[in-house]
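> Can you keep this structure in mind? I'll have questions shortly.
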Amino acid sequence: MIKFKILDTRCNEEVLGLIPHFFSEADPRTAAQQLDDAYQHGGGWRPMKGWKAGPVGELAYPGDSPMQPIAVATLHDNEIIRFYPHAWVSITQTDSSFEVSRVD
């Protein structure tokens, strides 16, 4: 399990549910691979295209208001995992590329 830093003071770690348990520093696989394997009962990691990321972690889908991350963690010192309202999760690589999937 990795430790998420809570960014939204209105929330606590309970809002993350089991998501922190899906990731392990001891597992050499990527965050997406770990989440896909651990979350098969919920549909796995299924990225959705069309998202835009802002410079400080905000996330927006065309036609929707931008969302600020609720929590953030780093896996293997190179992947940033952010948890957003409505169970959206993004995984950002060191080259700033990212994927977003709903994990509810």
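The values are calculated or read from the model by the stated rules, or taken from the named source; none is laboratory data. None of the values given here were measured: they were computed from a predicted structure. Every residue, glycine as well, gets a Cβ built from its backbone with ideal geometry; the counts of neighbours run over all protein chains shown.
> Only residues in segment 77-92 that are at pLDDT below 95 count as the first member; pair them with residues that are among the acidic types (Asp, Glu) and surrounded by fewer than 21 Cβ atoms within 10 Å (Cβ to Cβ), Cβ under 6 angstrom, at least 6 apart or cross-chain, and list the lot.
ALA87/ASP104
> Same structure again: Among the numbered criteria (1) at pLDDT below 95; (2) not in a loop (DSSP other than H, G, I, E, B), which single criterion is violated by THR9?
Against the list (1) at pLDDT below 95; (2) not in a loop (DSSP other than H, G, I, E, B), THR9 comes up short only on (2).
> Tell me, yes or no, whether segment 53-65 has at least one residue that is in a loop (DSSP other than H, G, I, E, B) and in contact with an Asp or Glu (Cβ under 9 Å, 6 or more places away or on another chain).
no
> Name every residue in segment 58-76 that is at positive phi and in contact (Cβ under 8 Å) with a residue 40 or more places away in the chain, in order of residue number.
HIS76, the sole residue that qualifies.
> Return the total of residues in segment 66-104 being among the charged types (D, E, K, R), in a loop (DSSP other than H, G, I, E, B) and within 10 Å of the chain's Cα centre (by Cα).
Residues in segment 66-104 being among the charged types (D, E, K, R), in a loop (DSSP other than H, G, I, E, B) and within 10 Å of the chain's Cα centre (by Cα): 0 in total.
> Of the numbered conditions (1) in a loop (DSSP other than H, G, I, E, B); (2) under 17 Å from ARG102 (Cβ atoms); (3) modelled with pLDDT of 95 or more, GLY44 fails exactly one; give the number of that condition.
Every listed condition holds for GLY44 apart from (3).
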